[in-house]
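Below is one structure, written out as structure tokens; the observations come after it.
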Amino acid sequence: MGRLEERRSDLSSGSNGAVAPSTYFDRLNLHPRILGVSRERFLDGYPWDAVFAASKALINYVKERSDNYELDGAPLMRTVFSRNNPVLAFNDLVTPTDFDEQEGMMHLFEGAVLAIRNPGGHDFPEGPEQRAIEYISLLSLLAYRLQDAKRRK
């Protein structure tokens, strides 16, 4: 009976049955660094501020893990995750597939800077909450991969 009442309430409020991203934010297993800077902003109704904060947190985490505080943005990502001489590696860098993965991850991190952080720093991005949560989830995935990356000498 309770479920029927809930469904009736959804229908009468104009909901099409879709769940708002804010209602499942806490069910995501976001990386603690991403969650720590984005949760309150997102739940307070500022999803794009949450995205921007999460992107900055990821960049700061890269700086910390690589001990490279001189570079920022795309140059930082290209240096730290370089295919040929990375500071941090995602695998053993033995096979061609290993090198491809390393380069691909470098491009993902670089893309996060160029396509997510930079627009947030120079403009006021807008869009649906769903897109914001997808960006935050991507940044969280990158933070988890960064956490597992091995420092090379």
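How about the range 38-132: which GluC sites (Glu not before Pro) there are in a DSSP loop, with at most 14 other Cβ atoms within 10 Å of their Cβ?
Loop-located and lightly packed - GLU70, GLU126.
With charges only on Cβ, +1 for K and R and -1 for D and E, what is the dipole size of the chain about its Cα centre, in debye, rounded to 20? Kindly include the intermediate steps, with their values, before the conclusion.
Values: 19 positive and 22 negative charges, 69 e Å.
For this selection, approximately 320 debye.
What accessible surface, in Å², does a 1.4 Å probe find on ARG131, ignoring ligands, DNA and RNA and rounding to the nearest 10?
For ARG131, solvent-accessible area is about 110 Å².
The list (i) 15.0, 52; (ii) 18.6, 63; (iii) 15.2, 45 gives values of Rg and Dmax of the Cα atoms in Å, and only one came from this structure; which label was calculated from it?
(ii)
Can you compute the label reach from LYS56? Point 7 Å from Cα along the Cβ direction, backbone N cut-off under 20 Å, restricted to the range 117-132.
Flagged as within label range: 117-127, 132.
Suppose R0 equals 30 Å; then what is the FRET efficiency for HIS122 and TYR144 from their Cβ-Cβ distance, rounded to the nearest 0.05?
FRET efficiency, HIS122 to TYR144: 0.65.
The values are calculated or read from the model by the stated rules, or taken from the named source; none is laboratory data. In this text, all values refer to a predicted model and were calculated from it rather than measured experimentally. Note that each Cβ is placed from the backbone with ideal geometry, even for glycine, and that neighbours are counted across all protein chains shown. For accessibility, only protein heavy atoms count, side chains too; no ligands or nucleic acids. Shrake-Rupley method; radii C 1.70, N 1.55, O 1.52, S 1.80 Å.
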